[in-house]
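Since the structure comes first, as structure tokens, the remarks are kept for the end.
The values are calculated or read from the model by the stated rules, or taken from the named source; none is laboratory data. No experiment lies behind these values; they were computed from the predicted model shown. Quick reminder, even Gly has a Cβ in these numbers, built from the backbone with ideal geometry, and neighbours come from all protein chains shown.
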Amino acid sequence: MKVKTAQGAQRSRRTRASKATAQPPCQREFQRAQAECKNYLLPAGLYKLREAYRSLDQIEDTLQVVAKLIQKRSGLTAGSMLGSHCTADDKAYWLKGLPKAFAWELGYQILPAAAALTGDGLSKSQVTTLVAHSKDRAQAILADCEQAHRILSISVEAEYSAMRDGESIVAPLILKMRSLLNFLLEEAFVSMVEPPRF
């Protein structure tokens, strides 16, 4: 019979406390991305928003190919490239990583790009408003990313099952990411056409 010492009990309490206060994985990835991007200040933001949009398109294209493979509606075999992001062999790993990848994209690309729109001619007050709104939407997306991550970390079979039914766990995340990008791009273009108000 093992006897728990006072020191061991204290360590156990610290471990439980650290687990209780630990950030969720997608939020942690987002914070890590935010810290990393501070080393690379952007001169402007519009080009980064366009890059993020193109990257999202590629992810969606790959997701559709994966769905066809799962639904047995493609002639792809083991080792085949599924779009530009994964192969038939590592699709499970890629799917499981998407929620955290989206969290990184929000923290490293999208929000910093929004903050850098002053370099595209927007006023500081316009950018401040855009960034505040974008941060709120980003937090809502991160909450959805956490939920998807929890499901997929248990088993990717949940996504395969959804795909067989013509649905997806991660596809709604793409829609919400695209909605945020559309908002930022539209607001940026409108603000560039209209003279800034002071």
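Only helices (runs of 4 or more DSSP H) whose full extent lies in the stretch 89-190 are considered here, and the ones with at least 1 residues that are in contact (Cβ under 8 Å) with a residue 60 or more places away in the chain and within 12 Å of the chain's Cα centre (by Cα) are 91-105, 111-115, 124-154.
From the residues in the stretch 23-67 that are surrounded by fewer than 15 Cβ atoms within 10 Å (Cβ to Cβ) and more than 19 Å from the chain's Cα centre (by Cα), which one is modelled with the highest pLDDT? Within the stretch 23-67, the match that is modelled with the highest pLDDT is P43.
Regarding A132, is this residue surrounded by fewer than 21 Cβ atoms within 10 Å (Cβ to Cβ), small (G, A, S) and on the phi < 0 side of the Ramachandran plot? Judged against the criteria, A132 is a match.
T118 - would you say it is surrounded by fewer than 15 Cβ atoms within 10 Å (Cβ to Cβ) and not aromatic (F, W, Y)? No. Residue count for the stretch 44-88, restricted to those that are among the hydrophobic types (A, V, I, L, M, F, W, C) and in a strand (DSSP E or B): 3.
Just give me the residues in the stretch 34-43 being outside any helix (DSSP H, G or I) and either out of contact with any Lys or Arg (no Cβ under 7 Å at 6 or more places or on another chain) or without any contact (Cβ under 8 Å) to a residue 24 or more places away in the chain (or both), in sequence order. K38, N39, Y40, L41, P43 - these are the residues of the stretch 34-43 that are outside any helix (DSSP H, G or I) and either out of contact with any Lys or Arg (no Cβ under 7 Å at 6 or more places or on another chain) or without any contact (Cβ under 8 Å) to a residue 24 or more places away in the chain (or both). Filtering the stretch 75-84 to residues that are touching a residue at least 12 places away in the same chain (Cβ under 8 Å) and surrounded by fewer than 21 Cβ atoms within 10 Å (Cβ to Cβ) leaves L76, G83, S84.
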